Amino acid sequence: MKNLKSIFAVSVLVALLAVAGFAQQQGAQSLTTTTLSQAVPNITGGSAVATGICLTSISNVTATVSVQTTLWVDTEAMDVVTNSVPPSGTCLQVTRGTHGTKAEGHASGRTVYVSRPNIFQGYDVAGTCWSNAAGTATIPAILPWINLSDGNRYDCKADGIWFRSGIGSQGSAAVTSVPGFCTGTVGSAQTEYLNGAACSGATTATFSYTVATSGELANLRVTSSAAVVGGTGKDVLTVYKNGTATSLTCTIAASGTTCSDTADGVATVAGDYIQFQFVSATSDTAANVSATVGLYGQ
């Protein structure tokens, strides 16, 4: 009995190490992606048909009995049969419409997720995505969570709440994009708000976006039409919820024009109001600052 327990423990450890190794290979907690280098035609019958496809890269694509690879593009899953088939070294033979999905046509340039079959899921998720109270690990170890049965794609940001980030490998599932902007040159060493009016002198928040439904704010992106002075704690854009600064923030580096925050998320409920604050550097050149943050359903 002890020997059986030991064998079982070793087997579990090996399996966990294999998944961990693949996760590390995939790039921390993100699934590897590539794109189609050629369009993929639709096929009659819609499933379990072997055919060739071509990718821009075949990194992490393995076709062996011991390490299977599944590709997911739009809402179709494909299992890799053979690497490096004609006409180029980045073309593969695959079985179309696997894991309960249906084969369909795909345009060149479409995003393709690359992983082992067991990393893809068969059900949706909701609620808390941390696997411990400290919030230092997520379920699963690799993101996004992809449900092959309905094509939903879920993500987990730093606030630890699951939200539906996309539909298929390409589409966004944002309910809306929450915008903010100001026009003209930003004042020097000022705390300005994106009120949809002049940038300079907008030291009081007069515009806010009222959230109409519960969800998750995520994927902040900021642009200035002129390169900024930048620096530590300068040219910082922060999203405010109900008058309080949130974790959604980013800093435009010196001589830069953009920044983003794709790591943080903020849960919202109907009635919350959203504002954008911009702290400028001394003698700044920032101008026509705009910001958007996605509102996603949970």
Q) Out of segment 253-288, which residues are closer than 26 Å to Gly171 by Cα, crowded, with 21+ Cβ neighbours inside 10 Å and either outside the structural domain of Ala189 (by TED's automatic domain parsing) or of a type in the set (D, E, K, R) (or both)? A) Asp261
Q: Evaluate the following for Thr82: is it exposed (fewer than 12 other Cβ atoms within 10 Å of the Cβ) and at pLDDT below 90?
A: no
Q: Would you list the strands (runs of 3 or more DSSP E) that sit entirely within segment 230-279 and hold 3 or more residues that are out of contact with any strand residue (DSSP E or B) (no Cβ under 7 Å at 6 or more places or on another chain)?
A: none
Q) For segment 234-252, what are the residues that are surrounded by fewer than 19 Cβ atoms within 10 Å (Cβ to Cβ) and free of Cβ contacts under 8 Å to residues at least 24 places away in the same chain? A) Thr244
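Matching residues to (1) part of a loop (DSSP other than H, G, I, E, B); (2) in contact with a strand residue (DSSP E or B) (Cβ under 7 Å, 6 or more places away or on another chain):
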{"site": "Glu192", "(1), (2)": "no, yes"}
{"site": "Ser200", "(1), (2)": "yes, yes"}
{"site": "Thr203", "(1), (2)": "yes, yes"}
{"site": "Ala212", "(1), (2)": "yes, no"}
{"site": "Leu220", "(1), (2)": "no, yes"}
{"site": "Ser225", "(1), (2)": "yes, yes"}
{"site": "Val228", "(1), (2)": "yes, no"}
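Conditions tested, residue by residue: (1) part of a strand (DSSP E or B); (2) surrounded by 20 or more Cβ atoms within 10 Å (Cβ to Cβ).
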{"residue": "Thr51", "(1), (2)": "yes, no"}
{"residue": "Ser57", "(1), (2)": "no, no"}
{"residue": "Trp72", "(1), (2)": "yes, yes"}
{"residue": "Ala77", "(1), (2)": "yes, yes"}
{"residue": "Pro86", "(1), (2)": "no, no"}
Q. Among the residues of segment 84-108, which ones are within 12 Å of Cys54 (Cβ to Cβ) and in contact with a strand residue (DSSP E or B) (Cβ under 6 Å, 6 or more places away or on another chain)?
A. Val85, Thr90, Cys91, Leu92, Gln93, Val94, His106, Ser108
Q) Residue check: is Ala291 modelled with pLDDT under 95, closer than 20 Å to Thr185 by Cβ and surrounded by 16 or more Cβ atoms within 10 Å (Cβ to Cβ)? A) no
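The values are calculated or read from the model by the stated rules, or taken from the named source; none is laboratory data. Keep in mind that this is a model prediction, so the values were computed, not measured. Quick reminder, even Gly has a Cβ in these numbers, built from the backbone with ideal geometry, and neighbours come from all protein chains shown.
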